[in-house]
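Here is the structure we will look at.
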Amino acid sequence: MANKIVDIHDLKREFKMGSEIVRALKGVTFSISQGEFVTIMGSSGSGKTTLLNILGCLDKPTAGAYLLDNVDVKNLSRNELAQLRNRKIGFVFQAYNLLARTSAIENVELPLLYNPGVSTTRRHQTAVKALEAVRLSDRLGHLPNQLSGGQQQRVAIARALVNEPVMILADEATGNLDSHTSYEIMALFQELNSQGRTIVFVTHEPDIAAFSSRTITLKDGRVIKDSRNENIRSAKEVLAGLPVTEDY
């Protein structure tokens, strides 16, 4: 049986807003095994963002259990959470979150700066390898404003890969991209998944979810559907039917 990367049981998260208690998550239970490509869907107010923050070790649950790669996050200190986040999770955001005055290679090297066991030479070599994996080996010295939106997101994906995380956590990673570039990015995620990467992709777009192997749907803080996608779309095949652009 595949190793469970994410194991969540009866997860609850409550926020105090003045005299009221807002129950953002109301007992969520699911697990994600190594090598899965899972999308998490839900409209505004479904608890999707709260769940994303807990999955990313940016927040802790009020009750319930969350094990990330067999580590229980509930009792970790802020520093321990930060270390777990850096070593175990690769983040990809809608807004890319690249440093504007920093080259592609330097942006990708950033997560490794927090790992004292990695030498300067190894850090550079690892970052080059990650950029090669997303087919940007000819853009190492380019600044973000010299790259297209799709290329900037590729740099962000390379940065997410550089620490060899157990899970890539993508938050609306195609939200700022046109349809063609979105399919290119999804083709890359499918390729990474075929190499054994575990991917959790948060989206509100059903056509994007169709590229994953499983979809978990939230509503009002609960899981209302958790289903395997019987007919997984191939982003490469979708791309093949579209006019060619220069962004890839």
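The values are calculated or read from the model by the stated rules, or taken from the named source; none is laboratory data. This structure is a prediction, so every number in the text was calculated from the model and none was measured. Cβ atoms come from the backbone with ideal geometry, glycine included; neighbour counts cover every protein chain shown.
Just one of the numbered conditions (1) within 28 Å of Asp69 (Cα to Cα); (2) crowded, with 22+ Cβ neighbours inside 10 Å; (3) not charged (D, E, K, R) is not true of Gly117: (2). Please verify whether segment 78-86 includes one or more residues that are out of contact with any strand residue (DSSP E or B) (no Cβ under 7 Å at 6 or more places or on another chain), charged (D, E, K, R), surrounded by fewer than 15 Cβ atoms within 10 Å (Cβ to Cβ) and in contact (Cβ under 8 Å) with a residue 12 or more places away in the chain. Among the residues of segment 78-86, not one is out of contact with any strand residue (DSSP E or B) (no Cβ under 7 Å at 6 or more places or on another chain), charged (D, E, K, R), surrounded by fewer than 15 Cβ atoms within 10 Å (Cβ to Cβ) and in contact (Cβ under 8 Å) with a residue 12 or more places away in the chain, which makes the answer no. Within segment 1-48, if we keep just the residues that are touching a residue at least 40 places away in the same chain (Cβ under 8 Å) and aromatic (Phe, Trp, Tyr), the residue that is surrounded by the fewest Cβ atoms within 10 Å (Cβ to Cβ) turns out to be Phe30. Do we find that Leu169 is in a strand (DSSP E or B), under 19 Å from Ala133 (Cα atoms), in contact (Cβ under 8 Å) with a residue 12 or more places away in the chain and in contact with a helix residue (DSSP H, G or I) (Cβ under 9 Å, 6 or more places away or on another chain) in this structure? Here the answer is yes, as Leu169 does meet what is asked.
Going through segment 159-202 one residue at a time, which ones are among the polar types (S, T, N, Q), over 26 Å from Asn70 (Cα atoms) and buried (at least 16 other Cβ atoms within 10 Å of the Cβ)? Listed by number, the residues that qualify are Thr174, Asn176, Thr181, Ser182.
The helices (runs of 4 or more DSSP H) located wholly in segment 175-248 that include 2 or more residues which are modelled with pLDDT of 90 or more, within 19 Å of the chain's Cα centre (by Cα) and closer than 19 Å to Ala156 by Cβ occupy 179-194.
For the structure I just gave you, tell me whether Arg123 is of a type in the set (Lys, Arg), exposed (fewer than 15 other Cβ atoms within 10 Å of the Cβ) and at pLDDT 90 or above. Against the criterion (of a type in the set (Lys, Arg), exposed (fewer than 15 other Cβ atoms within 10 Å of the Cβ) and at pLDDT 90 or above), Arg123 does not qualify.
Here's the yes/no breakdown for (1) at pLDDT below 90; (2) within 18 Å of the chain's Cα centre (by Cα):
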{"site": "Gly27", "(1), (2)": "no, no"}
{"site": "Phe30", "(1), (2)": "no, yes"}
{"site": "Leu52", "(1), (2)": "no, yes"}
{"site": "Leu68", "(1), (2)": "no, yes"}
{"site": "Ile89", "(1), (2)": "no, yes"}
{"site": "Val118", "(1), (2)": "yes, no"}
